[in-house]
Amino acid sequence: MIFDTHAHYDDEAFDQDREELISSLPAAGIRAVVNVGASLESTRKTLALSHCYSIFYAALGVHPNECADLKEEDMDWLKLQAKDPKAVAIGEIGLDYHWDEPGETVQKKWFSRQLELAAQLKLPVVIHSRDAAKDTLDVMKGERAEEIGGVIHCFSYGKEMAREYLNMGFYLGIGGVATFQNGKKLKEVIQYAPMDRLVLETDCPYLAPVPYRGKRNSSLNLPLVIDAVAQIKHLEKEKVEQIAWENSLRLYGLQTKDILQGSSLEME
Ligand code: NI
């Protein structure tokens, strides 16, 4: 059973065939998906998807590049939505200095604020961090993120940073980049990190693995990522799939029986 810990099926890239594609996932072994909000609007859509499809769960939050117009009332709204039984995490939240909009101060403010919200709600966080390794870690330490827990999605830093996040108890999200020719840094991280701290993700529609690099990604491509991890870790593919499934359950506080019960009800 494959768990996609980070997807964006609310994206317009899926407007033409969303229903058909999502319905085809269970037969391909994809038995759980966490759709991840990146704005208030996509958080709304993410919740709707999780109500529509039993294998879908929701992460609620605002991406660093989408937080320019956030207000304190929006935090109240997020808090209320997080009571939904399908809500399993706060995210994606973090810092992205690749795109310097909005400025660093604004990004840090809402990153801290959403970490605080996750701590109050006792939900794990999905962290997005790009070109902002040190500041991300500083904000997380300031908010005692080691007590919150979660995943560094699409991990893009080196081994030293991986050690810092692993020491805080975080999982590392591994996706299509693990198959890229120029993905050497990530391959080293995969080799270095314990298998019980890695989870699989697509970040679809982005980051399709080789040989589909540049095309629209979906959870159906995850076996290619599993192959890459299995090769690097010298493990059987089945083993990687199974351990990653268990890691994902721990990360999001879910149980296999609840997931399967939900999807068998749907088939009846
Ligand atoms: Ni994402």
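Data table
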quantity: Meets criteria (out of contact with any Cys (no Cβ under 8 Å at 6 or more places or on another chain), among the β-branched types (Val, Ile, Thr) and part of a strand (DSSP E or B)) for residue 34; calculated: yes
quantity: Residue ID - most open to solvent (accessible area, probe 1.4 Å), chosen from residues in region 19-65 that are among the aliphatic types (A, V, I, L, M), without any contact (Cβ under 8 Å) to a residue 40 or more places away in the chain and within 16 Å of the ligand (Cβ to nearest atom); calculated: 40
quantity: Residue list for region 66-88, restricted to those being within 16 Å of the ligand (Cβ to nearest atom) and touching a Phe, Trp or Tyr at 6+ places or on another chain (Cβ under 6 Å); calculated: 67, 88
quantity: Hits in region 66-89 - residues which are free of Cβ contacts under 8 Å to residues at least 12 places away in the same chain and either under 18 Å from residue 202 (Cα atoms) or among the basic types (Lys, Arg) (or both); calculated: 71, 83
quantity: Test: residue 110 is of a type in the set (Phe, Trp, Tyr) and at pLDDT 95 or above; calculated: yes
quantity: Hits in region 145-154 - residues which are part of a helix (DSSP H, G or I) and not acidic (Asp, Glu); calculated: 145
quantity: Within region 141-160, considering residues that are touching a Ser or Thr at 6+ places or on another chain (Cβ under 9 Å) and away from the ligand (no atom under 16 Å from the Cβ), the one nearest to residue 59 (Cα to Cα); calculated: 143
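The values are calculated or read from the model by the stated rules, or taken from the named source; none is laboratory data. Predicted, not measured: the structure shown is a model, and the values here were computed from it. For neighbour counting, all protein chains shown are included, and Cβ atoms are generated from backbone atoms with ideal geometry for every residue, glycine included. Ligands, DNA and RNA are stripped out before the accessible areas are found, and what is left, the full protein with its side chains, is counted by its heavy atoms. Shrake-Rupley method; radii C 1.70, N 1.55, O 1.52, S 1.80 Å.
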